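Written out below as structure tokens is the structure these notes cover.
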């Protein structure tokens, strides 16, 4: 499954109200580390059953970035039952991301 583009308009429905875990990648087009991490996030979206994956472009969604105090990107946050339960900042290996969502 392809990652979902998360916006202020669909955040409640796609992330907070979701059944099961949701991995959200906060990123920006100008961010080189974000570009390095993005393919791993895309792979995981297609490999992990029951995991929803979304991406938030912080330049297009500054209110969401501020809501979660995103100061450094890329930033991955795992949500379960509407709550942020795990977080990772920077480029990390695929196995680290998989451990975040377990």
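One line per residue, one yes/no per condition, for (1) surrounded by 14 or more Cβ atoms within 10 Å (Cβ to Cβ); (2) touching a residue at least 12 places away in the same chain (Cβ under 8 Å); (3) within 13 Å of the chain's Cα centre (by Cα):
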site	(1), (2), (3)
2	no, yes, yes
6	yes, yes, yes
10	no, no, no
17	no, yes, no
35	yes, no, no
41	yes, yes, yes
62	no, no, no
70	yes, yes, yes
81	no, no, no
Filtering segment 44-59 down to residues that are surrounded by 14 or more Cβ atoms within 10 Å (Cβ to Cβ) and over 12 Å from residue 25 (Cα atoms) yields 48, 51
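Quick note: the coordinates plus some simple rules give every number you see, no bench work behind them. Because the structure is a prediction, the values reported are computed rather than measured. Positions of Cβ are backbone-derived with ideal geometry, glycine not excepted, and every protein chain shown enters the neighbour counts.
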